Every structure is written in C-alpha cells, then in structure tokens.
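Colleague: One structure, pasted below without further comment.
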Amino acid sequence: MTGPHDAILAVRNLVKDYGPVRAVRGISFDVPRDCCFGLLGPNGAGKTTTVEIIEGVTPLTSGEVLYEGKAAGTRFRQDSGVQFQTAALQDFITVRETLEMFHRLYRRRANLEQVISDCALDKLQKRDNRKLSGGQRQRLLLGIALVNDPKILFLDEPTTGMDPQARRNFWELVERIRARRKTIVLTTHYMEEAQALCDEIVIMNEGEIVTQGAPEQLLKAHYKEIILELPESDLAEIPPEFPFLSYRRNGLVEIHTGDANEAITRLSRAGAPLGRLNIRPYRLEDLFLDLTGKELRS
Ligand code: ATP
C-alpha cells in the first residue's frame, strides 16, 4: 500500500512546540517516490525540526508521519539512511574499515563496492579518517548512510562548507545515487543546489509552508518577466524615474521586465553602457527572497 499519488512519505498537520515556542505550525506535504525532495527555508524556519521528526530523532507534538501509507516505525527505520552532518568518525581506522563496521550492523546490506564507487571513495579506502578533507568526509558520511541500501535517504545541508567545485562534484554523486531509484530528502541553504537537484520543493518560513511544487513550475507560476542585471556603477547616470521595477543588491541593479527589448532600448537611449548587461531568468533564489523576505545564505 502506498499513500496518495504514490507518496513514499506523507507528513500530516505536523506541529512541534519547544516549550512556549511553536517551531512547526501544522504543516502537511507529500514526498513522491523516487524523487529528490528539497526542504528549504531561512535559519529558524523549522527544517531541521521537521526532518528530525520524520527521522524519528525528535518527538512530535501533534500530527503524523506516514511511510508508505502507515505510521512510520521499524520498517521505515530499516528502509532509511541518514547522512548526519556532525557524526563523529572513529579515529585510527580507515575509510574502508569504517564502512565495513557500519555495514555489519544491518540485516539488509548494500553492495559495499558499489557504495564505495558511488561515493567516489575508491582511492580513499586506506586513508585514516583523521586525514580526510571536508568534502571527503562528507562523501564518507554519505557512504555510511547508504550501507543498508536505503529506499529513502536524508541529506541535511550536505554541502555546507564545501568550495564550489566540491559542491558540484557532490551533486553528481547525488544524481548517481538517485538513478538507483532512491528517494532523497534534502535540506539546503543553497538555492542553486535545490534548483540543480530537486524535482519538488517545500519552502518553509517561521514554521509554515509558504510554497510547494516543482521548481520550474513555481517559477513559471510566479513570474512572467525576466531580469536585466547591470553593475550599479554603469547606471549612475540613469534618472531615478526609470520606468521599470528595479532593485539594487550586491552592487547590481536589477530591472524586472516583461519586455527586454523595450528596457534595453530605454537604457541605451539613457546613455547606459551595456557591455556588462546580463539577462537572466528568475531563479529559485529570487522566489525565496520574494516569499520569505530573507536572504538565504548566512
Ligand atoms: P537552520 O537553517 O538555522 O538550521 P531550521 O530551519 O533548521 O534552521 P530549526 O532548527 O528547526 O530551524 O528551528 C526552528 C525553531 O525552533 C527556531 O526558532 C529554533 O530556535 C527553535 N528550536 C530548535 N530546536 C530547539 C530546541 N531544542 N529547544 C528550543 N527551541 C528550539
């Protein structure tokens, strides 16, 4: 039996109070099977609380979590894998020994060689855990989350602290794992990451869901316009009554317009140099900012 729309996981009216603080305010959503599902929100939105309740680490105040249509219990725990951000790795043992140690704990086990290869750990097998870089350590933690061949995998801020190249490499691993028909629940601060990986997202703010759906559809539904970006210094001469909605952030002026030709003509007539003009579609980051009023990266 599965839930509605073949949801592998369904969250219903979830509430969490920490004493007088209501951290999660009655949220409901479905996680479709075999998809990469993103839970996004600014600091304090309630993402970690929600994921920890689903994982069974934190008790809920009210509501329910259904796994394949039934209350999440032992079977869910057997079927799930969690990449913990802060897991302590044992010193003085190698990457391979670490994976073998966790592998032995489960009745259902993944093919260890495949996990090693999927997580790009082949060349690190004999490396002592203490000698791993941040990105390598994250790959090992991912490997540990996969040793029981989970159907559903939880990744909590998996690329925080990685440089852009390591982050992109990690995305490739996630794609590879996903191709093995696993459902992935991802929390992230990086909108670019969510846009690259997620088929479905929920954006939370102050314990509530502000929007949910497929990223491309959400963008299409919210925006009919495109964005022209120019360095602020190139627009120094433009009169303030320039007739397009514009925002200034990060040293850039953004002109939001449904008519790029018209906007460019006007800019040109106003004498603005256009050599550094950038035309771009709306991104999840724009939607996030519009819906929550908060910058994501902290
Ligand atoms: P971040 O991106 O900063 O991790 P988050 O979206 O994961 O944020 P949560 O960590 O779930 O948010 O926190 C939601 C709210 O609950 C915050 O106001 C936080 O201060 C509060 N909170 C979280 N854990 C506890 C706790 N153990 N006791 C009391 N309040 C808590």
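Colleague: Positive end of the dipole of the chain, charges at C-beta (+1 Lys, Arg; -1 Asp, Glu), about the Cα centre: which of 264, 14, 235 has its Cα farthest in that direction?
Modeller: 14
Colleague: Between residue 226 and residue 34, what length comes free when the chain is fully extended (0.36 nm per residue of separation minus the Cα-Cα distance, one decimal in nm)?
Modeller: Residue separation times 0.36 nm, minus the Cα-Cα distance, leaves 65.9 nm.
Colleague: Let me ask something else. Angle between the Cα long axis of helix 95-104 and the longest principal axis of the chain, 0 to 90 degrees, nearest 10?
Modeller: Orientation of helix 95-104: about 60 degrees from the principal axis.
Colleague: Next up: For the residue pair residue 101 and residue 268, what label-to-label distance in nm results when each label sits 7 Å from Cα along the Cα-to-beta-carbon direction?
Modeller: Result: 6.6 nm between the two label points.
Colleague: Using 0.36 nm times the number of residues separating residue 84 and residue 172, minus their current alpha carbon distance, what extension gain do you get?
Modeller: 29.8 nm
Colleague: Shifting gears a bit: Taking only protein heavy atoms into account and a 1.4 Å probe, give the accessible area per residue of the stretch 106-223 in Å². Walk me through the intermediate numbers first.
Modeller: Details: 5460 Å² over 118 residues.
Value for the stretch 106-223: 46 Å² per residue.
Colleague: Could you tell me, in Å, what Rg and Dmax come out for the Cα atoms of the stretch 18-173?
Modeller: 16.7, 50
Colleague: I'd like to know which of 41, 83, 59 lies farthest towards the positive end of the charge dipole of the stretch 34-114, counting +1 on Cβ of Lys and Arg and -1 on Cβ of Asp and Glu.
Modeller: 59
Colleague: Gap in Å between the Cα centre of the stretch 60-99 and the Cα centre of the stretch 252-290?
Modeller: Cα centres, the stretch 252-290 to the stretch 60-99: 45 Å.
Colleague: Report, in whole Å, the centroid distance computed from the Cα atoms of the stretch 148-190 and the stretch 109-146.
Modeller: After rounding, the separation between the Cα centres reads 13 Å.
Colleague: Over 5 Å intervals from 0, what percent of Cα-Cα pairs in the chain sits in each interval?
Modeller: Result, from short to long distances: 1, 5, 11, 13, 14, 14, 12, 10, 7, 5, 4, 3, 1, 0, 0 percent.
Colleague: Summing -39500 (n - 2.57) over the DSSP H runs of n ≥ 4 in the chain and dividing by its residue number, what mean residue ellipticity at 222 nm do you reach, to the nearest 500 deg cm²/dmol?
Modeller: -9000 deg cm²/dmol
Colleague: By DSSP, what percent of the beta bridges with both residues in the chain are antiparallel, rounded to the nearest 5? Let's see the in-between values first.
Modeller: On the way: 36 of 54 bridges.
Bridges in the chain are about 65 percent antiparallel.
Colleague: Within the set 47/131; 16/151; 182/224; 131/151, which residue pairs have Cα atoms separated by over 28 Å?
Modeller: Numbers: 47/131 31 Å; 16/151 26 Å; 182/224 34 Å; 131/151 31 Å.
Beyond 28 Å: 47/131; 182/224; 131/151.
Colleague: 7 Å from Cα along Cα→Cβ at both residue 57 and residue 285: what's the point-to-point distance in nm?
Modeller: Placing both labels 7 Å along Cα→Cβ, they lie 2.8 nm apart.
The values are calculated or read from the model by the stated rules, or taken from the named source; none is laboratory data. Note that the structure is predicted; figures quoted are calculated from it, not measured. So basically every Cβ, Gly included, is an ideal-geometry build from the backbone, and we count neighbours across all protein chains shown. Accessible surface areas use protein heavy atoms only, side chains included; no ligands, DNA or RNA. Shrake-Rupley method; radii C 1.70, N 1.55, O 1.52, S 1.80 Å.
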